[in-house]
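*Asks:* Below is a structure I'd like to ask you about.
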Amino acid sequence: MNLVIIGFGGMGSYHAECLQKFAEEKAEHTLTLAGIYDIDPARVEFARQKGIRAYASPEEIWADKSVGAVLIATPNELHAPYAAAAAAAGKNIICEKPIGLSSAQAEQMYAAAEKAGVLFEVHQNRRWDDDYLTVRNIVARGDIGDVYKIESRVVGCNGIPGDWRKEKARGGGMMLDWGVHLIDQMLQMVDSRVASLYCDYSYIYGEEVDDGCDLLVNFENGVQYRVVVATDCFRRLPRWMVYGIDGTAVIEDWDLSGGMTRVLEREDKNLVGIRAGNGFTRTMAQRSHSSVEQLPLPVVHAEPFAFYKNFAAACAGAEKPAIRKEEVLRVYRLMEAAERSARDNAVIKEKI
Ligand SMILES: NC(=O)c1ccc[n+]([C@@H]2O[C@H](COP(=O)([O-])OP(=O)(O)OC[C@H]3O[C@@H](n4cnc5c(N)ncnc54)[C@H](O)[C@@H]3O)[C@@H](O)[C@H]2O)c1
């Protein structure tokens, strides 16, 4: 199926590279990059230099019968109008996250696609991140016993990137940028309804949108999950902390450095107290080596091009879309509850 990328910025050009490599795999159902469309002449020129056709207008894409799908990678406020036009033209759609600026808009986008009989799938690519799949594996294998707490954290120190991400009307803010990924991962990971949540947004840079968030979710099954997004932290913090009743796992970064420590003896008979600041503690001292063991992470690598493969197969009716509408709308419900919590400084007790 021929596909055109609309919005050839950072992510659009990343998609183009990936799609060109995916095409080389010659999968049974594949996607061929037919071209791009961007309003910025510099990006058009960049595409041409790479030998990629640049469409002159959206209408040229809609009218091109050889194009079966579009991938929308524009600033967020343009996702909905492009998706509506693409659906009306009968094109299948991959839309970058976040699809719409609100749950109501997201629902309208799905409704428009359903009405037009085209496939509409949001690019929740982080479901295929190796670090996330590895955490799922730790939880499923029980290496550190039943997991009761997970911290999922992404920290940067470069502020809110670019221009449009700083504007509310354009779908800016880090909750819509990174929060949406981490919340999607969380809801895929924990097989339970949300019982309550509390969220704090940060505005360190004084923009009209959040430059970070700290979200704490309590699930009905007792699991507690923390999502942290920061753009003002100049030291690396672990990407993941996973707490089980028999041990602790840490994934430091996307390079999958880290490991697991599992307890062998509940009571550490060789525990030695340490000096801590202006005092002494045994409580906070590290375990003696004999009472714990160190284990490597049970690393999982995602299947390459899994999202594109699924989308191509789903367009051909050979597979169901991996990212389902109900899942996406649940992420929106949670984001909107988090926003209310941050606004009102309140714990939200909503079954999500
Ligand atoms: N899934 C991911 O991992 C991931 C990562 C980064 C960005 N994204 C998403 O991708 C989208 C784009 O983000 P980005 O970082 O590439 O932004 P960007 O600013 O780098 O690129 C946006 C591009 O859209 C173009 N554009 C603006 N108005 C347009 C219009 N009316 N028609 C066509 N093109 C237009 C701009 O010229 C620019 O080239 C966003 O929705 C963002 O959330 C997803």
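Read the figures in this text as sums done on the coordinates, not as results from a lab. The model shown is predicted, which means the values in this text are computed figures rather than measured ones. Counting neighbours? That spans all protein chains shown, and the Cβs are built from the backbone with ideal geometry, glycine included.
*Asks:* May I ask for the percentage of alpha-carbon pairs in segment 2-123 that lie more than 19 Å from each other?
*Replies:* For segment 2-123, the share of Cα pairs beyond 19 Å comes to 43 percent.
*Asks:* Another question about this same structure. Taking every alpha carbon pair in segment 121-181, what does the distance histogram look like in 10 angstrom bins from 0, in percent?
*Replies:* 17, 37, 29, 14, 3
*Asks:* Now a separate question. Specify the angular offset, from 0 to 90 degrees and rounded to the nearest 10, of the alpha carbon long axis of helix 130-141 from the longest principal axis of the alpha carbons in the chain.
*Replies:* 50
*Asks:* Which value results for Rg/Rh of segment 66-141 when Rg is the Cα radius of gyration and Rh the Kirkwood radius based on the inverse mean 1/r?
*Replies:* Radius of gyration over Kirkwood radius for segment 66-141 works out to 1.11.
*Asks:* So, one more: Charges at C-beta only: +1 for Lys and Arg, -1 for Asp and Glu. How large is the resulting dipole of the chain about its Cα centre, in Debye rounded to 20?
*Replies:* Details: 41 positive and 50 negative charges, 87 e Å.
With only Lys, Arg, Asp and Glu charged at Cβ, the dipole is about 420 debye.
*Asks:* Right, something else. Tell me the net charge near Phe307. Cut-off is 15 Å between Cβ atoms, Phe307 excluded, with +1 for each Lys or Arg and -1 for each Asp or Glu.
*Replies:* Values: positive: Lys21, Lys97, Arg126, Arg127, Lys309, Lys320, Arg324; negative: Glu17, Glu25, Glu96, Glu121, Asp129, Asp130, Asp184, Glu303, Glu319, Glu327.
Local charge sum for Phe307: -3.
*Asks:* Next question. Place a +1 charge on the Cβ of each Lys and Arg in segment 2-123 and a -1 charge on the Cβ of each Asp and Glu, then give the dipole magnitude about the Cα centre in debye, rounded to the nearest 20.
*Replies:* 180
*Asks:* Sticking with this structure for a sec: May I ask which of Lys97/Lys168; Lys115/Lys325; Lys166/Lys320; Lys21/Lys97; Lys65/Lys168 have a Cα-Cα span longer than 26 Å here?
*Replies:* Lys166/Lys320; Lys65/Lys168
*Asks:* Go through segment 41-105 and name the trypsin sites (Lys or Arg not before Pro) that are in a DSSP coil and have 11 or fewer other Cβ atoms within 10 Å of their Cβ.
*Replies:* Taking segment 41-105 and a limit of 11 other Cβ atoms within 10 Å, the loop trypsin sites (Lys or Arg not before Pro) found are Lys65.
*Asks:* Is the chain rounded, prolate or oblate when judged by the Cα gyration tensor, a ≥ b ≥ c being the square roots of its eigenvalues, rounded requiring a/c under 1.5 and prolate requiring a/b larger than b/c?
*Replies:* Note, shape of the chain comes out prolate.
*Asks:* Pull up the DSSP beta bridges for the chain and report the antiparallel fraction as a percent, rounded to 5. Could you put the intermediate results ahead of the total?
*Replies:* On the way: 37 of 63 bridges.
For the chain, the DSSP antiparallel bridge percentage is about 60.
*Asks:* If the elastic network links every pair of Cα atoms under 10 Å, which of Val228, Val147, Val292 fluctuates the most in the Gaussian network model of the chain?
*Replies:* Maximum fluctuation in the GNM of the chain, among the listed residues, is at Val292.
*Asks:* Right, next: Between Ile251, Ile160, Ile274, which gets the highest mean-square fluctuation from a Gaussian network model of the chain, Cα cutoff 10 Å?
*Replies:* Result: Ile274 has the largest fluctuation of those listed.
*Asks:* Can you compute log10 of I(q)/I(0) for segment 165-279 with the Debye formula, treating each Cα as one identical point scatterer, at q = 0.12, 0.23 Å⁻¹?
*Replies:* The calculated log intensity ratios at q = 0.12, 0.23 Å⁻¹ are -0.62, -1.31.
*Asks:* Would you mind finding the longest exposed-site-free stretch of the chain, with exposed GluC sites (Glu not before Pro) meaning DSSP loop and at most 14 other Cβ atoms within 10 Å?
*Replies:* In the chain, the maximal stretch lacking such sites is 29-207.
*Asks:* Based solely on its DSSP helices, what 222 nm [θ] is calculated for the chain when runs of n ≥ 4 H residues each add -39,500 (n - 2.57) and the sum is averaged over all residues, nearest 500 deg cm²/dmol?
*Replies:* Calculated from helices alone, the mean residue ellipticity at 222 nm is -9500 deg cm²/dmol.
*Asks:* Can you find, among Phe234, Met174, Phe280, the residue sitting farthest towards the positive end of the charge dipole of the chain, where Lys and Arg contribute +1 and Asp and Glu -1 at Cβ?
*Replies:* Phe280
*Asks:* Let me ask something else. Pick from Asn76, Asn92, Asn218: which is most flexible by mean-square fluctuation in a GNM of the chain where alpha carbon atoms under 10 Å apart are linked?
*Replies:* Per the Cα network of the chain with a 10 Å cutoff, Asn218 tops the list.
*Asks:* A follow-up question, please. Hey, if you put +1 on the Cβ of every Lys and Arg and -1 on every Asp and Glu Cβ in the chain, which of Gly222, Leu264, Ile138 ends up farthest toward the positive end of that dipole?
*Replies:* With unit charges placed on the Cβ atoms, the residue in question is Leu264.
*Asks:* Rounding to the nearest 20 debye, state how big the charge dipole of segment 206-305 is about its Cα centre with +1 on each Lys and Arg Cβ and -1 on each Asp and Glu Cβ.
*Replies:* Using only the charged Cβ atoms, the result is roughly 800 debye.
*Asks:* Same structure again: Hey, if you drop one equal point scatterer on each alpha-carbon of segment 257-352 and run the Debye formula without solvent, what base-10 log of I(q)/I(0) do you get at q = 0.10, 0.21, 0.23 Å⁻¹?
*Replies:* Results for segment 257-352 at q = 0.10, 0.21, 0.23 Å⁻¹ read -0.72, -0.99, -1.09.
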